[in-house]
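Computed from the coordinates by the stated procedures, all read-outs in this text should not be read as laboratory data. On a predicted model such as this, the values are computed, not experimentally measured, just so you know. So basically every Cβ, Gly included, is an ideal-geometry build from the backbone, and we count neighbours across all protein chains shown.
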Amino acid sequence: MKFKHWQDAMHDELSALEENNTWTITSLPSNKTAIGCKYVYKVKLKLDGSLERHKARLVAKGYTQRDGFDFQETFSPVAKLTTVYVFLALASIHNWSLSQMDVHNAFLHGDLDEEIYMEMRAD
């Protein structure tokens, strides 16, 4: 946190979360427990190995939750590597053009049946 590039990365992350209305700041009800959060830092490099940017992600410490109490199920849509290989093979066979892009901030959208409370202070 001493370095400006990490401070800027954290600021960018918080700004993106606020712009996307990710949360509502509220008081913690007495019958609820808040989960913590932390920053995950990553240095993003260009193909030639030079610095592209510093990236900080604010993540909830979901490992503190208890199955059946804090949540009922988990689901995270991801692409398996074999799916990517099949897609690339099909693109090659059908002579499709491919493009690559880097999403600066991606947000999953879904409906939650539970109320989730997260502390605002990151470790």
| said: Show me the ranking of peptides 89-101, 34-46 by mean Cβ neighbours inside 10 Å, starting with the highest. | reply: 34-46, 89-101
| field | For peptides 11-21, 51-61, sequence by mean Cβ density within 10 Å, most packed first | value | 51-61, 11-21
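Given just the C-alpha atoms of segment 1-63, how large is their convex hull per residue in cubic angstrom?
Details: hull volume 7.8 nm³, N = 63.
Dividing the Cα hull volume of segment 1-63 by its residues yields 123 Å³.
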